[in-house]
Structures are given as structure tokens and as C-alpha cells.
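S.K.: Got a structure here, written out as C-alpha cells. Questions coming.
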Amino acid sequence: MSNKWICQLLSLATLLISYNVYVCECQEPEALPPSAENCNGVFISYDFLDRRKGFPRVKNVTAQSWSFNATATVLNTGKDVLKAWKLFIGFQHHEILVSANGGIPFEAGDFPSSVGNGTTLVGSSLPDLETSIDTANDLSQIQALIQIAGTQFGVRPPAIPMPKNIKLVNDGFKCPRPSVRKSSMWACCKSDPKFKSKLLKTKFLPRQKGDLTIAYDVLQSYDSSYLVQVTIDNNNPLGRLDHWNLTWEWTRGEFIQTMKGAFTREITYTGCVYGVAGQYYKDMDFSKVINCQKNPVISDLPPEKYNDTEIGKIPFCCRNGTLLPILMDPSQSKSIFQMQVFKCPPDLDKKSIFPPARWKIMGVLNSAYTCGPPLKVEPTKFPDPRGLDATTYSIVSWQIVCNITKPKHRSTRCCVSFSSYYNDSIVPCNTCACGCDDDDTNRHCNPNARAMLLPSEALLVPFENRTLKTVAWAKLKHFRVPKKLPCGDNCGVSINWHIVSDYKGGWSARITLFNWKPFPFENWFTAMQFKKSVSLGFEKVYSFNGSLLTKFNNTIFMQGLQGTSYLIGEDNGTYLKVPGKQQSVISFTKKFKPNMQIAKGDGFPSKVLFNGEECSIPTQFPMQTANQQNVYLVQEILVLVLSLYLSCADHIWAMIHPCDALEPSLVKSNTLRPHKHSLKENSEQDGSCQEMFLEARYYSFVMAVTLFF
């Protein structure tokens, strides 16, 4: 009996196992969460998957690193297409993002990226989410899945390092507080009924405004390649780029075959030969390919290549990468280049065109720009190339919007120093204003010490040669000299703002530009903003071309005159390096601010820009000491008393001197004439009286000066 029961049990177990295997093979894909089933809008979620303890292993819990993996989803459950979705994840544990497959950071920073204060992810290969109605509930078209890998600090098991919140940041959507359950977080975002948006007549997004915009216009399309034109427009009135370098990231294995109007910094085809392109294009001669890098770096051509029929002949090209503000020259505020792009499987048809992602643009001593993702916009219009009164359109267009970011602490490229006529010490540029080398600072100087005051002649001396002058000046003025001297500013361009004069009806200043770089700055400009209504008193710049921009925060805009638009580079002098420099005096009136106090900071700018880059400004300005104020007060009192004394001296003299026969009016004019009742015989006595009167006046003046000093 026992064997019979055992056989029956084994048969039953085999049957159950077979049944389970059968069910497993035939089960449907995992169903959506119940919250997504009931969401009429956009369903977003974040799921923490796993983590591992990282290296180095430390005892401090907050400093221990943990690698983690997570997924984020954006699911369109509404009836309208979700254009250019943006998902904010509020990381809060000092996370470092290493990769995000299916999405890219909106700020387009390089990986690894510090996201401890949260980050916004946007779509890379799937920027727009279609509706379930139009796609027969195809999840590959209505849902974006982002696979996240990164590092977090301080949260050890069993605690789960969840973000603070998640939300959809697209305009017109409102997200509730997300629900959290163990390692999952989700929310249903719905359309905001109070949001008033413009009705789109087309399926494209409207073109956005920004400091700098890039257009990616496809002009010709083939099965395996396409011709694209890239247009860079500088829209900021004070923005500028010199020797611009543009880079992006190919996301689908593309490579550049030819290019006109620009060139790649590296001409290499290794990535094609050993990649997918080499497997598909077996008969292609890759030695003639311009670039096969995933992240190519592109620069503008020099002017002499403009008429080159092979790589030139493109409008708005070939200016060495100079993009000037529209205020200076509208014709030089745009750059254009074209390139032939080859595609790789599976995108081998005319409609499969994807723009590159992670755009970045930078210049030499210019502002830093942050670029957003490519947005699909209405095709760009072009005039007919045959000269006819007709309009042509691009096949498809994308727009990339870049905005100037405020420079981080100690990451600027120019700095400002302050000085004045009433203080013989100069407030120099901030310590490490443009950064410091960690190795040098630890050995030779203190990067955290305040910059020491300088004598005026030290401004023309390179920082490495200022030590003796700085220390000698500090000892002369009884300033404290630290054991470890502060580091230099390390800036390529420095600007000195000097108060020249201050009087009742106005004041004047002098601006001096120093170029410590070995190369010149062509068509340079500088701009200054002041607090309150100081800028409204601007009158004239004497050696520069200056104007007041009332529409832009009352900014004073200055550039070189014709023939002086070059700020030459640093030159090797006989003993020391000599910076290139230009200066001018600027006059102001106090008509709009009669009670302004120059010595208390009203005469110093609150913001200074050079070639579009915001410069580092000192945290202090020259002060007028109490002793100086007392000296000026004594001098004013002395002038007043002396004028009163001299006006009354004649009357005093007439009372105490025997030569009282002289008329006071005649004595005042130093003209000696006989009184109408005097005789001519008294002329000798009159002459002696004149000498005695002038002598008394002299001694009275000396006595007054002695008393008051």
C-alpha cells in the first residue's frame, strides 16, 4: 500500500509541475498597476530594484557608497499626445547618475552627473508619447521606460533610498503627492483646467525662445543617409561666443560622411570600421569619412576657407567661430554648416531620422550654456535657391534651446578689481576667482584666504611677480600678512574700476581692461550694471564707444572704437610679462540721484560682463576712512574761515593802524591814493602804510594756517 501511495503522489507531483510549466509559458505580459488602470492623464512611477555596497568600504555610514538600479516610467493614459515629456525625480541621498537608458538629463550634463538635488529626465529615442487610441494600446509607443544606474550615499539596508518625489513638469499638467509603497512610487498627473495654452494648429511643438538656439533641419533624405543643415543663432543682447565648439551624441550609430562650413576637430574612422557601420557598409572606403566618433567636436572654419568649393561656400560660415550680439553686428550673430550623415540598421528608410542628443556648445572665455533636448518643430522655411519668388521647406526640423547659466563659484574666466582716488590701496580680484589647481594650492598658497590689498603699480605686474610688492605694501600700511599668502585669481582677463572724482553735480570713473592671455580678443565688449538709478546718470565714454541700454536693466555697453577693437594679448617684456590693456574715462551726472554716496558703494558696479561672460566681483570696495573724512572737513572749514578773515582784515587794519586816513575801498584794491583831505606831502607816509598793510596781511594768513593745522 505504501508503494502504491508513493507512486500516486509522484504522478500527481509530475502532473502539477507540468501544469505549472504550461501556465508559465502561456501567461500574458505583466498587467499594469491598478493605479495606472484608473489614471486618465499621464501615469508616472519610480521603482527601486537593487543595490550593492561599493568601494572603498568606510566606517562612516554617511560616506559609504552604494550602487543602485532603478526604473522610471512615463505612461500616456490620456486621449492627447504627450509632446516632449519631462519627468522630475527628486533624488535626496547625494545620488550620482551613471546612466539613464531611455532618457537623458534635461541639463544635458556628462555622466557621471551629481543629481543629489533632483534632476529632470527627457526622452531620447521616444520624446513624444502617442495615445492608446491611435496605437491600439501599443506600450512601445505610449510608454517611456528609463533604466537608471547610479550611486547613492548614506542609506544602508534595510532602509530603501527612495526619492523625495516624482512629478511631470510639462506645462499644463498637475501632479498630486506621489503614493509610496515599499520600493515603488507612483502618481497620476492630470491636465490642469486652469492652465490656458495656445491651441496648436499643427502636430509640432511651437518654437521656443532662448539665449542661443540651434536648428537641425533635414534638407534631403535617402534610405541610408540624409543631408542636414545646422544653424546657430545668438539671441542674447549681451551673449557672445568666440571660437565656438559644438558637440553632441549620436544615439543610433550615425557617422558624418562629409561636411561644409565647419570641420571636426578629429578626423577618425576607427569607430566605423570596428562598429555596426563597418559590418553593414562593407564596400565603403572609410578613409574618406570625416568622423565616426559618438561625440564629435565641431568648430567653425577660418575666414580664408569661405570661398573653398570643397568645404566652404556656405552663408554665415568661416568666421573662426565668432558669434557676436545682435547689438554689435546682426550679420555676425549666426553660424551655419551642412553635413551628410549616414545611418545604420535598423533605420534604413527615408523616414527613420533621429537627431543627436546631449548637445553642448562652448567658447573661449565666454558664458557657459546649458542646452535642452531636441524638440520637433514645424519644418523651417527657406527662400528658393533658384532666386524665384517661392518658399521651400525642410523635410523635418528640430530645435535645441540653450541658455546662459550663472557661473559657479570660482569658475568664471574674468574678474574685477576696485580702486579710488580717496584710498591708495587697490581691492584686487577675489582669490581663485577663476579657479585654482589643487596641487599648487596645497603646497604654495591658501585658496581660502582673502586677497591682500595692493599698491596701484601692482596691477600691471603678473600675479606670480606681485609677492614682494604686496608684502611690502602690507607692512607699510600695517596690514596683517598671513603666513601662507592667498592664491591668485588665475583669470585670463581682469578689469579695474577706478573712481577718479566726485563733486556736487557728478562724478567720473576710469575703466582699464587687462588681457593676460597670449592671444588677442577681436571686437571685444564689456557691459556694466549698477544698483538703483546710478546708470541713468551716464554721460559719455571718452576712449570707447559706449551707450546706455535702458531696455536691459540700464546696462552700460562699451566696445572699442574703429581701429581699437583688438584687445591685444600678453607680451613678453624685457623683465616681466606685459598684459594687453585699454582704458577710458567715463563721466556721470548726479541729476537722477543727487544724494548718491560714491564712497559707500554707489559708484561701483554690481555686475560686470566681458564678451558675455559674467566676471567675479570683489566682496568689498575701497572705503573712505574717518581720518580722511576729518581732513576733508578741516580743509573745508579752513577755506571758509580764511575767506571770512581776509574779507574783514581791512576793517581790522583800519582800526588798529595809524594810517587810518586810507579809504577802506582803496585799501581793498591795493591802490594807494591820497585821501581827499590829505596833502601831497604825505605820499611817502602813504607808501610806508601800504607796505605795512601788505606785511600784516601776510602774517595774518600764516597765523591762520598755523592755527588750523
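S.K.: Please tell me which of these pairs span more than 19 angstrom C-alpha to C-alpha: Lys209/Lys343; Lys288/Lys334; Lys343/Lys381; Lys167/Lys190?
M.R.: Lys209/Lys343; Lys288/Lys334; Lys343/Lys381
S.K.: Testing the spin-label approximation: label points 7 Å from Cα along Cα→Cβ at Lys469 and Thr62. State their distance in nm.
M.R.: 4.5
S.K.: Cα centroid distance between region 283-339 and region 346-406, in Å?
M.R.: 15
S.K.: Once you've got the Cα coordinates, tell me which of Lys517/Lys600; Lys294/Lys360; Lys551/Lys593; Lys83/Lys408; Lys83/Lys196; Lys86/Lys164 are over 23 Å apart.
M.R.: The pairs that break the limit, which is 23 Å between Cα atoms, are Lys517/Lys600; Lys83/Lys408.
S.K.: Same structure, new question: Along the Cα→Cβ direction, 7 angstrom out, place labels at His409 and Ala449. What is the inter-label distance in nm?
M.R.: 2.0
S.K.: Would you list, by chain and number, the lysines whose Cα falls below 23 Å from the Cα of Lys483, excluding same-chain residues fewer than 8 positions away?
M.R.: Cα-Cα hits under 23 Å: Lys469, Lys475.
S.K.: So, R0 is 51 Å and r is the distance between the beta-carbons of Thr270 and Thr131; what FRET efficiency does that work out to, to 0.05?
M.R.: 0.70
S.K.: Using 0.36 nm per residue, how much length does the chain from Gln147 to Asp389 gain when fully extended, once their Cα-Cα distance is taken away?
M.R.: Net length gain for the segment: 82.1 nm.
S.K.: Can you put Leu205, Leu241 in order, fewest other beta carbons within 10 Å first?
M.R.: Leu205, Leu241
S.K.: For region 157-257, build the charge dipole from Cβ charges (+1 Lys, Arg; -1 Asp, Glu) around the Cα centre, then report which of Val228, Pro161, Thr247 sits farthest towards its positive end.
M.R.: Pro161
Here, each number is a calculation from the coordinates, and none is a lab measurement. Quantities reported herein were computed from a predicted structural model and do not represent experimental measurements. Reconstructed Cβ throughout: ideal geometry from the backbone, glycine too, with neighbour counts over all protein chains shown.
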